[in-house]
Amino acid sequence: MARTRSFRFGVSASAPPSGAKEWLDLARKVEDLGYSTLLVADHMSQQASPLIAAAAALTATTTLRAGTQVLANPFRNPAILAKEIASLDMLSDGRFEPGLGAGWPNSSPIGRSDSAQTGIDMGSSGERVDRLIETVQIVKRFCASDEPFDFEGKHHRLKGVVPSPRAVQRPHPPIMVAGAGPRMMRLAATEADIINIAPRPPIVGPTARGSMGFGMTMADEVELIKTEAGARYGDLELCVFSNNPGAKNPSVTDDPDPLIEELARDLNSTPEEALAMPATLIGSAGALTERLQRDREQYDISYRIIPAYAMDEFAPIVAALAGT
C-alpha cells in the first residue's frame, strides 16, 4: 500500500525574455508564499531558456526548488543534458528537479511551431517515446556512476562518458516524466520519481488545443501506473498541472459553472467529464481544499502545479495544506 505523501505545490512560469529583476522577484515570491518548486517550460515561444532561467531562480532563493516542466527531449543531446542536470544540482546544493518529456507532437500547434523554429523533426509518437526512454536512462546512469560508462541504445551510442560533476541528490535528482497515454505512463512508472499526469479528458482523439485523449480516466491511469510500477509504486510522487488560461483553470471563484463549461469546450468533453478531472481546480477556496484532499485519497495525487497567474489566489490554500 502506498504511503500518503504530504502535499506540496509548485508554480509553473515562463521566464520573461528580458528583465532579470522581474524573474528573480517572482522566484523569491514563490518561495515566500510557501510553494515548493518553480518550474519552467521548454518551448520556442517568448520565454527564456528553461535551464538558464532555473539556474537564475536557484541563485536568488535559499529553500525553493527549481526545475523544468518539461524539457522537450528532441531538443538536446542526452549526455550533455545529463551534465547540465548534474551541474545545476551541484551548484544549487541539491535543489534542482529535472522534468523530461517526449516533446509536443507535430499534430499540435505548439509542436509544429517548435519544430519549424528549430528545424528539428519531433518524430512519430513511438520514436519520441523511444528516445525519451534512453535519455532518462542516460541521465540516471550519469548521476549514479562513479566511473566512466558506455551506453548502447537504439538511438544513442555513447562511449566513455565521464560522469562529472557529481549531483548532490543521490542516486540522482528526482526526475519528473510528464505525458499522457499508456506507453508514457508505463515509462514513468518504471523510470521516473515524479509522474506528471497530463490533464486529458476520457475521450479518444484531439482536444481543441491539439493534445490527444486516450480514452482513459484518472482511475485508469493510476491503476496502470500501479500495475507497471509494482513494488516501487510507494516511492512515486503523482502530480497534475492545472493550466488552461482560456477557461481560467485554475480559479478560486464562487461561480464555477461558466468556467467549467468553457473548459469542457476546450477539452472537447462534457462539463461532467471536465469537472471530474483532478486538474480542474475551479471553485471556492473551501471546495478546492476539500477537492485536493479527496483527490489525494482517491488517486494518490499529492503534488499540485499551478500557473504563475494563479499563485496569489491559491496562496491561502497552499498555506493550509502544504506539508500536511
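The values are calculated or read from the model by the stated rules, or taken from the named source; none is laboratory data. The structure presented is a predicted model; accordingly, all values stated were derived computationally and were not measured. Cβ coordinates were reconstructed from backbone atoms using ideal geometry, including for glycine residues, and neighbour counts include every protein chain displayed. Protein only, heavy atoms only, side chains kept; ligands, DNA and RNA dropped before computing areas. Shrake-Rupley method; radii C 1.70, N 1.55, O 1.52, S 1.80 Å.
Odds and ends about this structure:
- Close pairs (6 angstrom Cβ cut-off, 6 or more residues apart or separate chains): among the charged types (D, E, K, R) in the range 250-271, open to solvent by 30 Å² or more (accessible area, probe 1.4 Å) anywhere: D254/S284; E261/P271; D266/A208; D266/G246
- Lone unmet requirement of (1) closer than 28 Å to G126 by Cβ; (2) modelled with pLDDT of 95 or more for M44: (2)
- Residues of the range 95-110 that turn out to be over 18 Å from the mean Cα position of the chain (by Cα) and open to solvent by 10 Å² or more (accessible area, probe 1.4 Å), as a count: 3
- In this structure, G246 does not satisfy being over 19 Å from M176 (Cβ atoms) and either modelled with pLDDT of 95 or more or in contact with a Lys or Arg (Cβ under 6 Å, 6 or more places away or on another chain) (or both).
- Output for the range 57-67, where each listed residue is outside any loop (DSSP other than H, G, I, E, B) and buried (at least 18 other Cβ atoms within 10 Å of the Cβ): A57, L58, R65, A66, G67
- The set of residues from the range 133-159 being out of contact with any strand residue (DSSP E or B) (no Cβ under 7 Å at 6 or more places or on another chain) and open to solvent by less than 40 Å² (accessible area, probe 1.4 Å) comprises E134, V139, C143, S145, G153, H156.
- For T217, the conditions (1) closer than 29 Å to S108 by Cβ; (2) touching an Asp or Glu at 6+ places or on another chain (Cβ under 6 Å); (3) surrounded by fewer than 18 Cβ atoms within 10 Å (Cβ to Cβ); (4) hydroxyl-bearing (S, T, Y) are fulfilled apart from (2).
- Under the condition of being under 16 Å from the mean Cα position of the chain (by Cα), in a loop (DSSP other than H, G, I, E, B) and free of Cβ contacts under 8 Å to residues at least 60 places away in the same chain, the residues counted in the range 30-48 number 2.
- The listed residue being closer than 27 Å to S145 by Cα, under 18 Å from the mean Cα position of the chain (by Cα) and of a type in the set (A, V, I, L, M, F, W, C), out of A66, A86, A27, A15: A66
- Single condition S124 does not satisfy, out of (1) exposed (fewer than 14 other Cβ atoms within 10 Å of the Cβ); (2) at positive phi: (2)
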